[in-house]
Amino acid sequence: MTDLLLVEDDETQREALTFLLGREGYQVRAAADGAAALAEFERRTPELVLLDLMIPQVSGTEVCRRIRQVSDVPVIMLTAKNDEADIVMGLELGADDYVTKPYSTLELLARCRRALRRHRAVASADGGEGDGQDVVQVDGVRLDTGRHRVWVEGQEITMPLREFALLEELMTHAGRVLTRSQLLDRVWGADFYGDTKTLDVHIRRVRSRIEKDPARPERLVTVRGLGYRFEES
């Protein structure tokens, strides 16, 4: 069974989600506040985290930040529709996805499955030794897709799974424009229900890691009205 950590302070929603997810084959550990969530995470790292942002003790965004300091486990935020600033902050801190309340159970389950598929695929590839065929190198950025490693100008940097997948898609198509819908389909999946805000935030995060001046990108450029392109030189 997939070990899932659910962080939700509303007792009714917490119990309903625990029942729903348990019926779908998840082993659910639930926490009602941020402090309890961090303690539960430290006790045993889950395979997936569903994290309500509006929780007591320690905020959801702070919980996300602390998780990202030690783990790449997929984090899906549960948010209210008017929490745009918190959504952006959560994505900036490394959350993989978000679902706005009220959400459909089918949408939530689809996002859980997609996040787990992506994480497991990368983790599986990570076990390889990398024989050079899995390495992409463009304009000072070197990407080892087999071992999930990135170097910029010879210096290795850390990069969460979703950002890595986005950079991989752009670098393997260097010189070509990829539309926003193409990137969302290929990196988040064809069944992605969210908006392009998710992509915008992740593009900014990737730029902050690979550009000398993220405000004036020279590698990952915007092609207005179309999408993004990773420059070949």
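Yes or no, residue by residue, for (1) in contact with a strand residue (DSSP E or B) (Cβ under 7 Å, 6 or more places away or on another chain); (2) more than 17 Å from residue 87 (Cβ to Cβ); (3) in contact (Cβ under 8 Å) with a residue 24 or more places away in the chain:
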position: 6; (1), (2), (3): yes, yes, yes
position: 11; (1), (2), (3): no, yes, no
position: 18; (1), (2), (3): yes, yes, no
position: 29; (1), (2), (3): yes, yes, yes
position: 37; (1), (2), (3): yes, yes, yes
position: 49; (1), (2), (3): yes, no, yes
position: 53; (1), (2), (3): yes, no, yes
position: 63; (1), (2), (3): yes, no, yes
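Taking (1) buried (at least 16 other Cβ atoms within 10 Å of the Cβ); (2) assigned to a helix (DSSP H, G or I); (3) at pLDDT below 85 in turn, residue 117 satisfies each apart from (1).
This table checks each residue for (1) more than 25 Å from residue 4 (Cα to Cα); (2) at pLDDT below 85; (3) surrounded by fewer than 18 Cβ atoms within 10 Å (Cβ to Cβ).
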site: 124; (1), (2), (3): no, yes, yes
site: 134; (1), (2), (3): yes, yes, yes
site: 137; (1), (2), (3): yes, no, yes
site: 180; (1), (2), (3): yes, no, yes
site: 190; (1), (2), (3): no, yes, yes
site: 225; (1), (2), (3): yes, yes, yes
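From the list 219, 205, 162, the lone residue that is under 18 Å from residue 94 (Cβ atoms), of a type outside the set (Val, Ile, Thr) and either modelled with pLDDT of 90 or more or surrounded by fewer than 13 Cβ atoms within 10 Å (Cβ to Cβ) (or both) is 205. Here the helices (runs of 4 or more DSSP H) wholly within the stretch 10-111 that include at least 2 residues being surrounded by fewer than 17 Cβ atoms within 10 Å (Cβ to Cβ), outside the structural domain of residue 166 (by TED's automatic domain parsing) and touching a Leu at 6+ places or on another chain (Cβ under 9 Å) are 11-23, 60-70. All of 201, 206, 187, 136 fail the test of being farther than 23 Å from residue 75 by Cβ, β-branched (Val, Ile, Thr) and not in a loop (DSSP other than H, G, I, E, B), apart from 136.
Checking each residue in the stretch 31-48 for being touching a Lys or Arg at 6+ places or on another chain (Cβ under 8 Å) and under 14 Å from residue 78 (Cα atoms) picks out only 32.
The values are calculated or read from the model by the stated rules, or taken from the named source; none is laboratory data. Model, not experiment: these values are computed from the prediction. Note that each Cβ is placed from the backbone with ideal geometry, even for glycine, and that neighbours are counted across all protein chains shown.
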